[in-house]
Amino acid sequence: MKFKALLLTTAILFSSAAWAETAWAETDAELIARARGIHDRVITVDTHVDIPPNYGSEAYDPMKPGPRGQQVHIPTQIEGGLDATFLIVYVGQGELSTIGYASALSDAMIKFAAIHKVAEKMYPDKIEIAYTADDVRRINAAGKKVALIGIENGYPIGEDIDLIDLFYDYGGRYFGHTHIGHNQLGDSSMDLSRNLSEPAKPLHGGLSALGKEAVKRCNQVGIMNDISHAGKQTALDIIAASKAPVIASHSGAKGVFDHPRNLSDEELLALKKNNGVAQMVAFDTYLRAVPKDKAAASKALLEEFNIKEMSDMGKLTPDQLKAYRAKADEIELKWPKAGVKDLADHIDYTVKLIGVDHVGIASDFNGGGGIVGWNGAGETFNVTLELVKRGYTEDQIAKIWGGNLLRVMADVEKYAAKTKYNKKRGKV
Ligand SMILES: [Zn+2]
C-alpha cells in the first residue's frame, strides 16, 4: 500500500511539475498571440443579435457605428472578429386574438424585410444571408460577414402553421416558440401577468397541441427548434417532439445561477441526448445575482422616466434621453455588470455537464445583452481569450464558437431533406 501511495505521489508531483513548466513557458504576450491565432481561424457564430424595425435605415446603418445601444455593425464585427450573427425577427408577446396575431405578423415581416434589404440592396459586397450551414462556411471564406435569421417568439404565426413555411422561405432558420408570456404554442419561462422573478403559472402545462404541430413543421421545412424563453415543461416537450436536434439560442445554466430564463440540468441533459446545443448568453441578469441596491436603483430610474419596456425609450425627448443615460451610467459605474469570466463560468459548467459538443455562445446584443469585456461586436476576441486562459484547445473553441451550432443546423437540413416536404411544395 505504502509503495502504491508513493508511486501515486510521484506521479502527481511529476505531472504538476510538467504543468507548471508549460504554464511558465508561455508568457502573457504569447498566450494572447495564441488566442488571437485561434480567434482568427475559427468561425465565430453569435446566435442572438436583435435588430430594431429601423435596421437598415439612416437611424441604424450597419456600416456606420452609431448611437449607443447599437452593439453590432459590420466595421465593429470586422474589428472584433465576429463572423456570423443570427439577426432576430422578434415580436413581443401580445393578446392571443386574430387582431393581435395579424399585427404581430406585420411586425415580423418588417424585420425580415429589413435584413434582406441590408444584405441584398445596401451592402451585398459586405454581408450575405446564409440559408444552410455550408453557406456559412462559403460566405465566411469569401471574406464577407454572414447574416442568418432567427425567429424569437412563435406568436406571429397565430394559429396558421403554414406561416412557418413562409418564415423558412424568408430565411428563418431557428424558431423560438415563446418569448416572455405564454402564447398559443406553449408556456413561457416567465409569465407576463406576474412579477417576472416568480415562477410562471401554467397555461397549457407545457407545449400546446398547436405547439406540437409547430415543432413538426419546423422539422419538415428545416428550421431549428429553439427552447430559449420556453418554460421547463415546454422545453422538454419540444425536445421530445422534435425529430432533429434542438437548440437553446440564448440562455444560461441554472446550475450556476437560478434564474427562470436559465436551463435546468434536466433540460441540458435532454439537449445532449437529442444531440442539440445550448448557447450560453452574455446577459448580465441571467449570469449572476444583481446586487439588491443596483436592482432598486435601476427600478427607480425606469419609474422616473416612465419606461415599462424597451420601446418606451423611443418616447423620450433628446434631453430626457441624455438625462436618463447619465443616470444609467452612474448606476453602471457604481455596480458594474457581469463580465466575460461570468459567461465563461456558465460555459465551463455546461461543458462539464453535457460535453463540449453541446455548448455555444450568444450575445443578445441590442436586446439587453452585453457584459463588461464583451459589450459589442468589437470586443468579441475577449471571449476567446478567456476560453484559452481556461485551457480550452483550438478544436474545442471552434466547436463552442460555431462548430456545434453548424452541426445541428446541418442535421436539421438533413432531416428536412428526408421528409421531402419542401420538394412537395415546390421549394427545393
Ligand atoms: Zn430573448
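Structure summary
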read-out: Residues located in the range 342-396, provided they are closer than 24 Å to residue 274 by Cα, β-branched (Val, Ile, Thr) and part of a helix (DSSP H, G or I); value: 347, 350, 351, 354, 356
read-out: Number of positions in the range 368-382 that are within 16 Å of the ligand (Cβ to nearest atom) and modelled with pLDDT of 95 or more; value: 3
read-out: Yes/no for residue 372 being among the hydrophobic types (A, V, I, L, M, F, W, C), within 30 Å of residue 300 (Cα to Cα), surrounded by fewer than 20 Cβ atoms within 10 Å (Cβ to Cβ) and within 20 Å of the chain's Cα centre (by Cα); value: yes
read-out: Every residue from the range 413-428 that is open to solvent by less than 70 Å² (accessible area, probe 1.4 Å) and in a loop (DSSP other than H, G, I, E, B); value: 425, 426
read-out: So residue 345, is it within 22 Å of residue 49 (Cβ to Cβ) and either modelled with pLDDT of 95 or more or open to solvent by 60 Å² or more (accessible area, probe 1.4 Å) (or both); value: no
read-out: So residue 171, is it touching a strand residue (DSSP E or B) at 6+ places or on another chain (Cβ under 7 Å), surrounded by fewer than 24 Cβ atoms within 10 Å (Cβ to Cβ) and at positive phi; value: yes
read-out: Residue satisfying condition, being at pLDDT 95 or above and touching a strand residue (DSSP E or B) at 6+ places or on another chain (Cβ under 8 Å), within set 388, 359; value: 359
read-out: Residue in the range 204-246 that is farthest from residue 174 (Cα to Cα), counting only those that are assigned to a strand (DSSP E or B) and touching a helix residue (DSSP H, G or I) at 6+ places or on another chain (Cβ under 6 Å); value: 207
read-out: Search result, residues across the range 35-63 that are of a type in the set (S, T, N, Q) and open to solvent by less than 20 Å² (accessible area, probe 1.4 Å); value: 44, 47
read-out: Leading residue by the ranking (surrounded by the most Cβ atoms within 10 Å (Cβ to Cβ)) among those in the range 259-274 that are part of a loop (DSSP other than H, G, I, E, B) and under 18 Å from the mean Cα position of the chain (by Cα); value: 262
read-out: Condition met for residue 161 (in contact (Cβ under 8 Å) with a residue 12 or more places away in the chain, away from the ligand (no atom under 16 Å from the Cβ) and crowded, with 24+ Cβ neighbours inside 10 Å); value: no
read-out: Pairs, first more than 15 Å from residue 257 (Cα to Cα) in the range 281-306, second open to solvent by 50 Å² or more (accessible area, probe 1.4 Å) and hydrophobic (A, V, I, L, M, F, W, C), C-beta under 6 Å, six or more apart; value: 294/335
read-out: Leading residue by the ranking (surrounded by the most Cβ atoms within 10 Å (Cβ to Cβ)) among those in the range 304-315 that are at pLDDT 90 or above and not in a helix (DSSP H, G or I); value: 305
read-out: Filtered residues of the range 84-100 (kept if open to solvent by less than 40 Å² (accessible area, probe 1.4 Å) and in contact with a strand residue (DSSP E or B) (Cβ under 6 Å, 6 or more places away or on another chain)); value: 84, 85, 86, 87, 88, 89, 93
read-out: Per-region count, the range 348-367, residues surrounded by fewer than 24 Cβ atoms within 10 Å (Cβ to Cβ) and either acidic (Asp, Glu) or more than 16 Å from the ligand (Cβ to nearest atom) (or both); value: 9
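The values are calculated or read from the model by the stated rules, or taken from the named source; none is laboratory data. Just so it is clear, the structure is predicted and the values come from calculations on it, not from any experiment. So basically every Cβ, Gly included, is an ideal-geometry build from the backbone, and we count neighbours across all protein chains shown. Quick note on the areas: whole protein, heavy atoms, side chains included, nothing else; ligands and nucleic acids left out. Shrake-Rupley method; radii C 1.70, N 1.55, O 1.52, S 1.80 Å.
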